[in-house]
Amino acid sequence: MRSVFSLTALMIFVMTGCSNDTADSTAQVESDASHDMHSSADGHGQEAAHSDATAHDHAHESFKLTGENTQVLFTGTKKSGDNHSGGFKAISGEITLAENAAEAIKVVIQTDSLFSDADRLTGHLKNEDFFSVQEFPEMKFESTKIEDSTVTGMLTMHGQSAEISFPATIAVFDGKVSLTSEFKVDRTKFGMNYTGQPNDPINAEVDIKIIVGASPVSPVTDPSAPTPVN
């Protein structure tokens, strides 16, 4: 009888052990499957996020502006018709592109890089009568809207800001930009009120010309040099 009980106890122990092993194995398999599913989901999520980020990067690219591919030129005139021209050499910024079109423009100009067609005039334009380059070393423009070939934005010059709009011909190809524009700016809106000689005053409006090349152009040179900027 004792042998029968012993055999019965042994069978119960073995069956219980097998049952526990089976449950443990099943739980481990389910755990591994759940982990694999989460890993796969995480991997797909990361791939999707990367794809979205890549698409966003491609959708919004930027074209860097430098003194080598961008010209900002000006011509000031007097009542008599006399005029002088110049520009700026140190230019930085970018044109943001979206869907192969210009979406935004930011430009920073170092005013001390100003040049003109006469050394004496260059010095005068840098002093307090005009740009006051020591007090206001930078001139900035940031667009707020580009629509129907018209650029609108805030121009900060001589420590004062005002909204301006100007026409622009803009072409974008393969991430590169060409832009040309000619317009007038009233310097008195920015605190530049010097009028010059009473019998031949300087006009308030200054002619501005902007040229952005799709590929780097030759460095800007002073108009007084043998080969002036056209």
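Size of the dipole of the range 67-212 about the Cα centre, Lys and Arg at +1 and Asp and Glu at -1 on the beta carbon, nothing else charged, in debye to 20?
Numbers: 13 positive and 22 negative charges, 48 e Å.
For this selection, approximately 240 debye.
Report the local net charge at F173: Lys and Arg +1, Asp and Glu -1, summed over other residues whose C-beta lies under 14 Å from its C-beta. List each step's numbers first, then the result.
Numbers: positive: K176; negative: E61, E99, D174.
Neighbour charge sum, excluding F173 itself: -2.
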For this session: Please work out the C-alpha center-to-center distance from the range 182-206 to the range 62-117 and express it in whole Å.
Result: 19 Å
Seminar exercise, completed: Distance in nm between Q160 and S132 label points, each 7 Å along Cα→Cβ, equals 1.0 nm
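Compute the FRET efficiency between S80 and K176 as 1/(1 + (r/R0)^6), taking r as their Cβ-Cβ distance and R0 = 41 Å, and round to the nearest 0.05. Intermediate results must be reported in sequence, preceding the final value.
On the way: r = 42 Å, r/R0 = 1.03.
That gives a FRET efficiency of 0.45.
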Problem set entry | Gained length - D207 relative to N193, 0.36 nm times residue gap less alpha-carbon distance | 3.4 nm
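At a 10 Å Cβ-Cβ cut-off, how would you order D82, D174, D117, fewest neighbours first? Each step should come with its number before you reach the end.
On the way: D82 10, D174 6, D117 16.
Ordered from fewest to most neighbouring Cβ atoms within 10 Å, D82, D174, D117 come out as D174, D82, D117.
Bear in mind these aren't lab numbers, they're just calculated from the coordinates by the rules spelled out. No experiment lies behind these values; they were computed from the predicted model shown. A quick note on method: Cβ atoms are made from the backbone with ideal geometry, for glycine too, and the neighbour counts reach across all protein chains shown.
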